[in-house]
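Colleague: First the structure, which I've put down as structure tokens, then a few questions once you've had a look.
The values are calculated or read from the model by the stated rules, or taken from the named source; none is laboratory data. The shown structure was predicted, so the numbers you read here are calculated from the model rather than taken from an experiment. Glycine also receives a Cβ, built like all others from the backbone with ideal geometry; neighbour counts cover every protein chain displayed.
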Amino acid sequence: MAGFTLVDLAAIIHTRAHSGDPGSYTAKLVAKGTSRCAKKFGEEAVEAVIAATEHNKEDLTSEAADVLYHLLVMLEAAEVPLDAVMDELEGRTRQTGLQEKASRPAD
């Protein structure tokens, strides 16, 4: 198991997002706002789906890294801490996936 975690990545993203560094891709992306970050996240998610459906493990690995990075950038731009997402996931794992889904309000 790798020693690098999503918590580590979220901390790096937070620091770079608020660095004011004109050479930081993260700072530039966050400065463009949540909508732009969400669009970029969606683009990366589609690329990951394509890699998965093509059974291309190397591309899927790379695209999955992009998805995780852009998800955390989007959360940073929207001021949603990773801890809040992890708390939500922890709560959901206290029951089976089917039980959790059944407990959600109907759309």
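Colleague: Which count do you get for residues in the range 13-25 that are over 13 Å from Leu68 (Cα atoms) and either of a type in the set (Ser, Thr, Tyr) or within 15 Å of the chain's Cα centre (by Cα) (or both)?
Modeller: 6
Colleague: I'm trying to understand the selection: among the residues of the range 74-107, which are of a type in the set (A, V, I, L, M) and either over 30 Å from Ile13 (Cα atoms) or outside any loop (DSSP other than H, G, I, E, B) (or both)?
Modeller: The answer is Met74, Leu75, Ala77, Leu82, Ala84, Val85, Met86, Leu89, Leu98, Ala102, Ala106.
Colleague: Here is a further query. For Leu89, work out the one condition from (1) within 14 Å of the chain's Cα centre (by Cα); (2) at pLDDT 95 or above; (3) surrounded by fewer than 14 Cβ atoms within 10 Å (Cβ to Cβ) it doesn't fulfil.
Modeller: Of everything listed in (1) within 14 Å of the chain's Cα centre (by Cα); (2) at pLDDT 95 or above; (3) surrounded by fewer than 14 Cβ atoms within 10 Å (Cβ to Cβ), Leu89 misses just condition (2).
Colleague: With the requirement that a residue be free of Cβ contacts under 8 Å to residues at least 12 places away in the same chain and of a type in the set (A, V, I, L, M, F, W, C), what does the range 32-49 give you?
Modeller: Scanning the range 32-49 gives Val46, Val49.
Colleague: Mind counting the residues in the range 54-107 that are of a type in the set (A, V, I, L, M), in contact (Cβ under 8 Å) with a residue 12 or more places away in the chain and under 13 Å from Phe41 (Cβ atoms)?
Modeller: The qualifying residues number 10.
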